[in-house]
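I have placed the structure first, in the form of structure tokens, so that the comments after it can refer back to it.
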Amino acid sequence: MYASLILVLLLLIFTILSACDANKSLPTEDLPQSSIDLYPKEDSPSSIELDRIMKWADKGMVVHSPFNVFDSSIQQVKSEWGKPDHVDQVAGGSYATYSEKQTVIGFNQDGEIYDVRSYGPNLHELTIEKVEDKLGQPKDIRLNDQDSIYVYELKQQIELKLIFSNKTKSVDHISIYNPVRAEAEQYVLDIKGNSNQLTDKAWKSMQAWRAQIKSFSTEHQSVYLNGPNKKRVALTFDDGPDDTITPAIIHILNDYNVKGSFFFLGSNVMRYPEVVKQAYESGHLVLSHSYNHVELTKLGKVDVENELAGAGKAIQSVVGRKPAILRTPYGDTNNQVVSIAGEQGYSIVLWSIDTLDWSQREAENIVKNVVENVRNGDIILMHSDSDKIETEKALPLVIEALEKMNFEIVDLETLLNIKAYQ
Ligand SMILES: [Zn+2]
């Protein structure tokens with residue numbers, strides 16, 4: 001009720017104001033005082049450009065690109081434009097860059113386009129003032145260090161985003177975005193898994209960490225808790241290698257013809273290089289869990305750099321390749337760790353099911369934590385250091401249970417569609 005009253009009132013005021021404006025622009029001897037008044041706003045180049053942008057945006061497209069965010073696919077783009085210059089992975093999606101076309105195209109796991117970005121040079125003429133003048137106030141303004149993003153909602157809930165560079169104060173690029181198609185990107189699971197060995201206090205603090213890391217991972221494209229919403233899961237093993245449990249686990253995985261992902265500590269890699277080789281040569285992923293297993297968020301920049309570089313070097317010295325996936329000890333992560341990991345070429349992959357094989361160790365409980373909680377895309381955390389006898393016992397049961405539930409067990413490279421090695 002009140003809302004519609006206010007709307008009517010606003011309309012009334014607006015009409016009166018525009019009437020005044022109209023009166024002002026009547027030819028009188030006062031006019032023109034400035035050159036701006038010589039050209040009606042409607043015809044200015046920026047205004048024409050914005051008209052054109054809006055006309056195409058309504059069709060889910062950017063100017064001069066034949067693809068839209070309603071029903072185009074990346075396959076269509078590739079068949080018309082050929083191979084992109086490069087493709088960047090983000091959580092759950094990918095962005096293909098076509099430099100010559102001044103276009104970047106975002107697509108989801110199913111190849112459906114959800115974002116078309118245009119970097120045409122005409123856009124640089126558009127300032128915030130000109131845009132607001134023409135399009136009015138946006139639905140949302142998002143600010144960050146580099147740019148200010150103006151979001152306008154169009155029909156069928158798609159969005160037109162104008163990205164203003166904070167440096168130049170003009171449009172850097174525009175984006176047509178379909179949030180429904182992009183949703184595959186937002187598939188972030190709650191972390192599951194329980195143990196009867198935790199005190200109330202420990203359980204509460206674990207719950208708090210799980211909630212915090214979930215929101216952290218949604219804000220950082222290079223931090224993963226799980227894979228996409230498909231009937232696939234990954235088995236991961238931390239803290240090895242050792243000379244008994246890790247070889248036993250490799251053997252079980254090989255027997256079942258299942259690929260696992262190992263997060264090894266640099267210090268252990270140097271101690272048991274033969275086991276590392278065995279894991280790698282059997283086709284399992286050999287990934288980084290840092291060098292010494294310390295809380296990285298408590299370290300200064302240089303120490304974090306050394307922890308990551310040391311582990312990378314150790315693994316490279318044994319298998320000849322440097323990993324591109326890091327799991328931080330205890331899942332402990334912050335902005336500094338993410339940025340150093342990025343500089344050294346790592347994505348950070350944590351987990352969405354904790355089997356708690358380090359707390360309530362009985363094989364039965366490990367299996368239960370998987371079977372009762374498993375969802376599409378889960379990343380399952382286990383350990384392969386030398387006291388994990390129950391983990392070794394549980395593993396065949398876990399694999400059999402997952403396969404019975406029709407889950408495909410894959411390594412992290414396959415699950416997340418990211419590189420395992422640099
Ligand atoms: Zn660990």
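Structural remarks
- Selection of segment 282-298 for residues being closer than 14 Å to Ala341 by Cα, free of Cβ contacts under 8 Å to residues at least 60 places away in the same chain and either outside the structural domain of Ala341 (by TED's automatic domain parsing) or crowded, with 16+ Cβ neighbours inside 10 Å (or both) yields Ser288, His289, Ser290, Tyr291, Leu296.
- Yes/no for Glu274 being in contact with a Phe, Trp or Tyr (Cβ under 6 Å, 6 or more places away or on another chain), among the acidic types (Asp, Glu) and not in a loop (DSSP other than H, G, I, E, B): no
- Just one of the listed residues (Ile340, Ile366, Ile380, Ile353) is open to solvent by less than 20 Å² (accessible area, probe 1.4 Å), at negative phi and over 20 Å from the mean Cα position of the chain (by Cα), and it is Ile366.
- Test: Lys388 is more than 16 Å from the ligand (Cβ to nearest atom) and either basic (Lys, Arg) or within 18 Å of Gln212 (Cβ to Cβ) (or both): no
- Conditions (1) open to solvent by 10 Å² or more (accessible area, probe 1.4 Å); (2) touching a helix residue (DSSP H, G or I) at 6+ places or on another chain (Cβ under 6 Å): number failed by Tyr330: (2)
- Matching entry among Trp203, Trp209 (being within 16 Å of the ligand (Cβ to nearest atom) and open to solvent by 10 Å² or more (accessible area, probe 1.4 Å)): Trp209
- Pairs linking a residue in segment 143-168 that is closer than 18 Å to Gly120 by Cβ to a residue that is assigned to a strand (DSSP E or B) and of a type in the set (Lys, Arg), with Cβ atoms under 7 Å and 6 or more positions apart or on different chains, are Ile149/Arg142; Ile149/Lys161; Tyr150/Lys161.
- Any hit, segment 181-192, residues being outside the structural domain of Asp378 (by TED's automatic domain parsing) and within 16 Å of the ligand (Cβ to nearest atom): yes
Yes/no per residue for (1) among the hydrophobic types (A, V, I, L, M, F, W, C); (2) open to solvent by 30 Å² or more (accessible area, probe 1.4 Å); (3) within 13 Å of Gly60 (Cβ to Cβ):
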| site | (1), (2), (3) |
| --- | --- |
| Thr103 | no, no, no |
| Asp115 | no, no, yes |
| Ile128 | yes, yes, no |
| Gln146 | no, yes, no |
| Val151 | yes, no, no |
| Leu162 | yes, no, no |
| Ser165 | no, no, no |
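The values are calculated or read from the model by the stated rules, or taken from the named source; none is laboratory data. None of the values given here were measured: they were computed from a predicted structure. Cβ coordinates were reconstructed from backbone atoms using ideal geometry, including for glycine residues, and neighbour counts include every protein chain displayed. Ligands, DNA and RNA are stripped out before the accessible areas are found, and what is left, the full protein with its side chains, is counted by its heavy atoms. Shrake-Rupley method; radii C 1.70, N 1.55, O 1.52, S 1.80 Å.
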